[in-house]
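Written below as structure tokens is the structure these notes are about.
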Amino acid sequence: MTHHPVGLSIRGGIKVYPGTRALKGVDFDLRMGAVNVLVGENGAGKSTLMKVIAGVEPLTEGRILMDGRECVFRSKEDAVRVGIGIVFQELNLFPNLTVAENIFIGREPTRVGIDIDRKAQSDAAAALMARLEQDIHPDTPVEYLRVGQQQIVEIAKALAQDARILILDEPTSALSAAEVEVLFRLIDDLKAQGVGIVYISHRLDELIRVGDYITVLRDGVITGAQSMQGVDIPWIVRAMIGDKGKEFPRTAPANFGPELFRVENVSLPRSGGGYVVDHVSLSLREGEILGLYGLMGAGRTELLECIMAQHPVAKGRVFIKGEPVRSKDVTGRIAQGLALIPEDRKRDGLVQIMAIRENLTLSSLGLFTRLWHLSLREEAAMAASFVKRLAIKIANPENPVSSLSGGNQQKVVIGKALMTDPKVLLMDEPSRGIDIGAKAEVFRTMRDLAAQGLGILFVTSDLEEVMALSDRILVMANGRIQGEFPGGTDAATIVAAATPNSNKDHAA
């Protein structure tokens, strides 16, 4: 095996944010001329580790060494200066500027230091597009490009800085299969030039194909680090979730009623052809928790939005207790018994400056309206009963909801939804951004609600969560349901279904 020298290492890396330790004493070696893949569940600390290397976040404790010498990055510019480039998962492009302007922003080539040399900039951008095998004109405004093409512009931006170390955070989540092949060819090319690449992805088959070394993070600790020889998907899954899947066992026996909810042929066309949600059908019984697992870009969130009538162009039929749901807007769907707990609760689920009481009753103010005014006494009593029912830890219901921890904020969003007396609860990433204790509480709440006869459909990209909670598991990829499994199915089977076509070229 070729020798790949270590170009950058972290020793004893600790990163503390208020209330959470994101990295707990990490030792990480980044090898040059090789692909160093980094894998772990959401919240395992992958992005934090990368931000530390890219100079975006300082370490709380620990050292960064480059070529054996200690270095301190006070900003991203410090890291760029020593040759570290990062391509973030969230695109950082200016939609109204051209491809060339985006690639060279802040580092424009000038004519004798007076004005920008537009021709040199355009020619350099054209050369980068050719190297990336893209037929994109350098003067095209970025807003006219598909997301996958925008991702490629983001990669070109990092290449233009002649990075010695290139960090790719979920680079393929928006790319088509052909674009992924281009990216992999580019990675081979960069490796041959001695560039050290860090590659983060949830797509485990992709990691096995592209990686030379693997590091697995779990809860801020490295649980596996070795060369990629002999590593397979079950090895990665074990290192990622360990035996934690047993932490939230079902206490009461499952007791499902008749079919409560059904969707038939839900489709959402993608601008530019194809479907984001591609003719999905599923059903849910009373008291059942149905887990929908899939990676970013699988179409899970969009499916829930279609069910809640948030996309006018969506097609498909929705039934509750066999009756078709005909309303064409969110309010009507709520009235018919559907409620959605959104993924981004801060933005879509809560009004941060309003009191906890007001947030709880936001969706059901009609219950307390007497002629022209609101009965605050009834509203307060109802809010108090839901605080008790969900065991929300609060000092005073009049405090702003922003004063609560993430887990308790999530319970307020659940309470707000329950107050509309739904029959079906749709939950998007129910435990995102909350700690392990709060997670157990939210899971227990979901179980209790199911035991009371609610049907729960939740989507997640967290393996541990889908295995811990689901009575039945559906796996979604590329807008379609790829498989259905009973609760308790092993993680490797679920991962394999979430990355279809993953076996065609990994026989090696």
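The values are calculated or read from the model by the stated rules, or taken from the named source; none is laboratory data. Here the structure is a predicted model, which means the values were calculated and not measured. Every residue, glycine among them, receives a Cβ derived from its backbone with ideal geometry; neighbour counts consider all protein chains shown.
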(message) I need the full set of residues from the stretch 159-177 which are within 23 Å of the chain's Cα centre (by Cα) and either surrounded by fewer than 20 Cβ atoms within 10 Å (Cβ to Cβ) or assigned to a loop (DSSP other than H, G, I, E, B) (or both), in order please.
(response) E170, P171, T172, S173, A174, L175, S176, A177
(request) Could you pull out the residue among F28, F73 that is free of Cβ contacts under 8 Å to residues at least 24 places away in the same chain, over 22 Å from Q151 (Cβ atoms) and either crowded, with 21+ Cβ neighbours inside 10 Å or among the aromatic types (F, W, Y) (or both)? (result) F73
(message) Going by what's in this entry, would Q336 be described as polar (S, T, N, Q) and under 21 Å from L303 (Cβ atoms)?
(response) yes
(message) If I filter the stretch 77-92 for residues that are assigned to a loop (DSSP other than H, G, I, E, B) and in contact with a Cys (Cβ under 8 Å, 6 or more places away or on another chain), do I get at least one hit?
(response) yes
(request) Return yes or no: is A130 within 24 Å of G273 (Cα to Cα), out of contact with any strand residue (DSSP E or B) (no Cβ under 9 Å at 6 or more places or on another chain), free of Cβ contacts under 8 Å to residues at least 12 places away in the same chain and part of a helix (DSSP H, G or I)? (result) no
(request) Using the structure shown, decide if V37 is outside any loop (DSSP other than H, G, I, E, B), under 30 Å from E429 (Cβ atoms) and touching a residue at least 60 places away in the same chain (Cβ under 8 Å). (result) yes
(message) Quick check on my filter: what residues within the stretch 139-165 are among the charged types (D, E, K, R) and over 20 Å from A120 (Cα atoms)?
(response) E143, R146, R164
(message) Can you tell me which residue is farthest from A335 (Cα to Cα) among those in the stretch 389-409 that are assigned to a helix (DSSP H, G or I) and of a type in the set (S, T, Y)?
(response) S403
(message) Give me the strands (runs of 3 or more DSSP E) completely within the stretch 410-491, filtered to those with at least 1 residues that are within 26 Å of Q352 (Cβ to Cβ) and in contact with an Asp or Glu (Cβ under 9 Å, 6 or more places away or on another chain), ordered by residue number.
(response) 424-428, 455-460
(request) Would you mind finding the one in V39, V26, V35 that is assigned by TED's automatic domain parsing to the domain that holds A239, over 28 Å from E465 (Cα atoms), at pLDDT 85 or above and touching a strand residue (DSSP E or B) at 6+ places or on another chain (Cβ under 9 Å)? (result) V35
(message) Residues that are farther than 30 Å from I14 by Cβ and charged (D, E, K, R): does the stretch 95-107 have at least one?
(response) yes
(request) Give the residues of the stretch 11-22 that are under 18 Å from C71 (Cβ atoms) and not small (G, A, S), sorted by residue number. (result) R11, I14, K15
(message) Which count do you get for residues in the stretch 114-127 that are surrounded by 14 or more Cβ atoms within 10 Å (Cβ to Cβ), at pLDDT 85 or above and either touching a Lys or Arg at 6+ places or on another chain (Cβ under 7 Å) or not charged (D, E, K, R) (or both)?
(response) 6
(message) Exactly one of these conditions fails for F88: (1) surrounded by fewer than 21 Cβ atoms within 10 Å (Cβ to Cβ); (2) assigned by TED's automatic domain parsing to the domain that holds G224; (3) closer than 30 Å to I241 by Cα. Give me its number.
(response) (2)
(message) Cβ-Cβ under 6 Å, sequence separation 6+ or interchain: first residue in the stretch 472-483 and assigned by TED's automatic domain parsing to the domain that holds V263, partner surrounded by fewer than 22 Cβ atoms within 10 Å (Cβ to Cβ) and among the hydroxyl-bearing types (S, T, Y). Which pairs?
(response) G479/Y275
(request) Filter the stretch 33-58 for residues that are among the hydrophobic types (A, V, I, L, M, F, W, C) and either surrounded by 20 or more Cβ atoms within 10 Å (Cβ to Cβ) or at positive phi (or both) and give the result. (result) A34, V35, V37, L38, V39, A44, L49, M50, V52, I53, A54
(request) Take the stretch 208-224 and flag every residue that is in contact (Cβ under 8 Å) with a residue 40 or more places away in the chain and more than 17 Å from the chain's Cα centre (by Cα). (result) I208, R209, V210, G211, D212, Y213, I214, T215, V216, G220, V221, I222
(message) For the stretch 300-388, give me every one of the helices (runs of 4 or more DSSP H) that falls completely inside it and has 3 or more residues that are of a type in the set (D, E, K, R) and either modelled with pLDDT under 85 or within 30 Å of H279 (Cα to Cα) (or both).
(response) 300-307
(message) I need a count of the residues in the stretch 240-274 that are at pLDDT 85 or above and either surrounded by 14 or more Cβ atoms within 10 Å (Cβ to Cβ) or of a type in the set (F, W, Y) (or both).
(response) 11
